[in-house]
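K.L.:
First the structure, which I've put down as structure tokens, then a few questions once you've had a look.
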Amino acid sequence: METELFSGAGESDLAGLLKRFFGYESFRPLQEEVIRDALAGHDTFVLMPTGGGKSLCYQLPALAKGGLTIVVSPLIALMKDQVDALQEAGVAATFLNSTLNAAEARLRLAGLYNGDYRLLYVAPERLMLPEMLERLSEWRPGLIAIDEAHCISEWGHDFRPEYRQIAELRGRFPETPMMALTATATERVRADIVSQLKLREPKRYVASFNRANLTYRVIPRNQPLRQVLDVARRHDGESGIVYCASRNGTERLAKRLEGQGIRAVPYHAGLDADVRAKNQEAFIRDNVQIVCATIAFGMGIDKPDVRFVIHNDLPKNIEGYYQETGRAGRDGLPADCVLLFNASDVAKQIGFIEEKTDANEQAVARNLLQQMVHFAETSDCRRRSLLDYFSEAFTDENCGACDNCLEPKETFDGTQAAQKFLACLYRIRERSGFGFGLNHVVGVLTGADTEAIRKWGHEQISTYGIGDEFGRDEWKVIGRELMRLGHARLTSGRMSVVELTQEGSDWLRGKAPLELTRPVVAKPKSRERRSRSERAGEIECDEILFERLRELRQELAAKERVPPYIIFSDVALREMARDCPATLEAFGQITGVGEKKKAKFGEGFISEIGAYLDEKG
């Protein structure tokens with residue numbers, strides 16, 4: 001594939017390079033500042049959410065400065081996609097990984113020695129091989145970028161031991177600026193990344209975690225297949241990911257969706273590598289609509305036009321949930337994030353946690369799970385809850401793009417319910433001298449006849465059976481809300497129990513009025529959704545023309561043997577279907593149309609637009 005090589009345009013013409021190669025008129029927030037610091041030789045730490053434009057932070061310096069930029073990337077699929085996209089834009093980039101045969105690897109190495117490339121993508125384990133480090137010394141890189149840098153931290157959600165070796169690069173290349181990039185990291189993980197990589201007084205850039213184009217919804221899971229189908233059919237023909245907790249779950253759901261006429265494939269670590277690669281490729285190239293996956297899928301996917309992400313099971317923590325939902329709407333157009341929640345998921349996750357042998361690990365996992373459950377059950381704005389986790393304030397009263405803001409949950413006078421639950425905690429401890437788990441407490445409240453209740457004589461206490469106004473699942477929701485309010489707490493340790501707090505004891509004595517969220521365990525009544533044009537990032541256009549341009553893009557992608565989004569993004573196609581450019585000059589004003597793409601594809605798309613307009617008269 002033809003690419004362009006030049007000696008570097010200098011940092012003064014960053015806007016010109018941005019338009020020439022990537023087709024953008026302006027930078028996204030923080031991009032230009034990061035790029036200028038990298039060009040000035042500073043170490044940088046960059047935290048930008050998925051879709052925020054992290055890649056450009058090291059790609060543009062590579063063009064402006066000249067020399068070779070090394071990009072450390074953990075996933076082979078992501079390397080290939082990014083290199084394909086760069087080459088299609090006219091940028092000299094390559095990768096080295098295990099997918100190359102010996103002859104192809106030698107050819108690329110020769111090109112690197114000749115200075116034919118501006119960017120080299122490489123996995124950490126390959127980069128740190130002695131012979132590779134020697135080559136690197138000869139190539140004298142101008143910048144080393146570590147993508148997915150949270151993988152270096154044991155406090156992160158996706159720790160990879162091979163990332164720890166990267167720290168050696170600082171000693172070997174003391175004068176080379178380093179850039180660490182990640183899409184999701186708490187303050188503790190951020191500090192650990194900087195420490196582990198030995199970054200020198202790095203310039204730190206933390207973009208907003210707010211993805212305004214994403215709508216977050218939590219739906220009580222009762223008919224999961226139908227609920228997944230509802231979302232898929234609302235996004236007819238558009239790409240989506242459904243995350244499942246188990247490998248069997250992904251295969252079972254994909255098969256059932258196929259039976260309902262939805263093109264779907266499974267993806268998990270237990271599949272044969274060839275099958276995994278084939279299924280991933282089918283999804284990336286729009287040959288299937290849905291991939292049903294475990295969390296093994298997604299970090300290496302550069303697909304910007306995923307229009308929905310569904311969690312069929314409760315994620316283990318908010319960090320993972322945020323990263324997985326972040327794979328939707330990377331192009332900035334509206335996308336839906338739906339979590340199907342069932343209280344049984346909580347008990348299942350606690351069971352997994354109790355299998356851990358390390359007490360500290362257990363305590364951390366419990367805390368993370370509690371925060372995730374709080375997110376699922378809160379009546380507060382979902383966006384505010386997510387941003388609060390990452391220490392970012394969201395001050396708007398109503399985000400306009402989550403179920404709790406669009407369809408506020410019903411509240412009720414929960415004074416009596418709270419009194420019953422907290423009194424039950426008190427009486428159980430009074431009778432036995434210690435606390436019990438949430439299931440046991442709810443069993444006492446609802447008058448269950450279990451062996452444990454009979455063994456401890458809890459059928460004889462005054463709160464036994466006084467909670468018949470709610471079912472078991474509803475009492476669990478109420479109990480967890482009282483924990484969030486601080487009236488009760490879940491102890492840490494292997495056998496965690498629910499305890500009355502001092503605050504809860506004080507409230508029981510005073511019994512001040514308490515408003516609680518009415519627990520919902522059945523599917524809520526559907527309400528009218530906002531029209532798509534009112535959603536953040538929406539581009540109104542001629543939908544029929546947009547579909548025709550998608551078909552043309554699909555044909556060109558097959559011919560070029562690249563994913564369709566590498567030809568043009570949905571944003572570009574929507575602008576074409578809105579503005580109907582009739583000349584190459586007008587076509588060049590479309591977002592994402594750089595010089596090479598304008599020359600290569602412009603006439604074809606202009607012709608298709610013209611033919612459509614002629615048909616319409």
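The values are calculated or read from the model by the stated rules, or taken from the named source; none is laboratory data. Please read these numbers as outputs of a predicted model, since none were measured by experiment. Using ideal geometry, Cβ is built from the backbone for each residue, glycine included, and neighbour counts are taken over all protein chains shown.
K.L.:
Going by the conditions given, is ASP158 acidic (Asp, Glu), assigned to a loop (DSSP other than H, G, I, E, B) and surrounded by 14 or more Cβ atoms within 10 Å (Cβ to Cβ)?
P.N.:
Spelling it out, ASP158 is indeed acidic (Asp, Glu), assigned to a loop (DSSP other than H, G, I, E, B) and surrounded by 14 or more Cβ atoms within 10 Å (Cβ to Cβ).
K.L.:
If you check GLY320, GLY259, which single one turns out to be free of Cβ contacts under 8 Å to residues at least 12 places away in the same chain, surrounded by fewer than 20 Cβ atoms within 10 Å (Cβ to Cβ), over 25 Å from ALA85 (Cα atoms) and not aromatic (Phe, Trp, Tyr)?
P.N.:
Criteria check complete, one pass: GLY259.
K.L.:
Has region 128-146 got any residue that is without any contact (Cβ under 8 Å) to a residue 60 or more places away in the chain, within 29 Å of the chain's Cα centre (by Cα) and surrounded by 14 or more Cβ atoms within 10 Å (Cβ to Cβ)?
P.N.:
yes
K.L.:
Shifting gears a bit: Are any residues in region 281-302 at pLDDT 90 or above and within 19 Å of the chain's Cα centre (by Cα), and if so, which ones?
P.N.:
PHE283, ILE284, GLN289, ILE290, VAL291, CYS292, ALA293, THR294
K.L.:
Which members of region 565-598 meet the condition of being crowded, with 20+ Cβ neighbours inside 10 Å, farther than 17 Å from ASP542 by Cβ and either in contact with a Cys (Cβ under 6 Å, 6 or more places away or on another chain) or free of Cβ contacts under 8 Å to residues at least 40 places away in the same chain (or both)?
P.N.:
Within region 565-598, none qualify.
K.L.:
Let me ask something additional. Tell me yes or no: at least one residue of region 546-557 is of a type in the set (Asp, Glu) and in contact (Cβ under 8 Å) with a residue 24 or more places away in the chain.
P.N.:
Within region 546-557, none of the residues are of a type in the set (Asp, Glu) and in contact (Cβ under 8 Å) with a residue 24 or more places away in the chain.
K.L.:
Mind telling me which of the residues GLN370, GLN349 ends up being surrounded by 16 or more Cβ atoms within 10 Å (Cβ to Cβ), outside the structural domain of GLY504 (by TED's automatic domain parsing), under 22 Å from PHE470 (Cβ atoms) and under 21 Å from the mean Cα position of the chain (by Cα)?
P.N.:
GLN370
K.L.:
Report, by residue number, each residue of region 39-49 that is in a loop (DSSP other than H, G, I, E, B) and buried (at least 24 other Cβ atoms within 10 Å of the Cβ).
P.N.:
MET48
K.L.:
At pLDDT 95 or above and crowded, with 20+ Cβ neighbours inside 10 Å: which single residue out of HIS311, HIS268 fits that description?
P.N.:
Just a single option satisfies the conditions, and that option is HIS311.
K.L.:
List pairs: first in region 29-46 and within 18 Å of LYS198 (Cβ to Cβ), second β-branched (Val, Ile, Thr), Cβ under 8 Å, 6+ apart or cross-chain?
P.N.:
Once the first residue is within 18 Å of LYS198 (Cβ to Cβ) and sits in region 29-46, its partners that are β-branched (Val, Ile, Thr) give ASP37/THR44; ALA38/THR44; THR44/VAL34; PHE45/ILE193; PHE45/VAL194; VAL46/VAL34; VAL46/THR182.
K.L.:
Further, regarding this structure: Looking at region 560-617, which of its residues are farther than 25 Å from ASP84 by Cα, part of a loop (DSSP other than H, G, I, E, B) and either touching a helix residue (DSSP H, G or I) at 6+ places or on another chain (Cβ under 8 Å) or among the hydrophobic types (A, V, I, L, M, F, W, C) (or both)?
P.N.:
Answer for region 560-617, where residues must be farther than 25 Å from ASP84 by Cα, part of a loop (DSSP other than H, G, I, E, B) and either touching a helix residue (DSSP H, G or I) at 6+ places or on another chain (Cβ under 8 Å) or among the hydrophobic types (A, V, I, L, M, F, W, C) (or both): CYS580, PRO581, ALA582, THR583.
K.L.:
Here are some residues: ARG330, ARG285. Which one is surrounded by fewer than 23 Cβ atoms within 10 Å (Cβ to Cβ) and charged (D, E, K, R)?
P.N.:
ARG285
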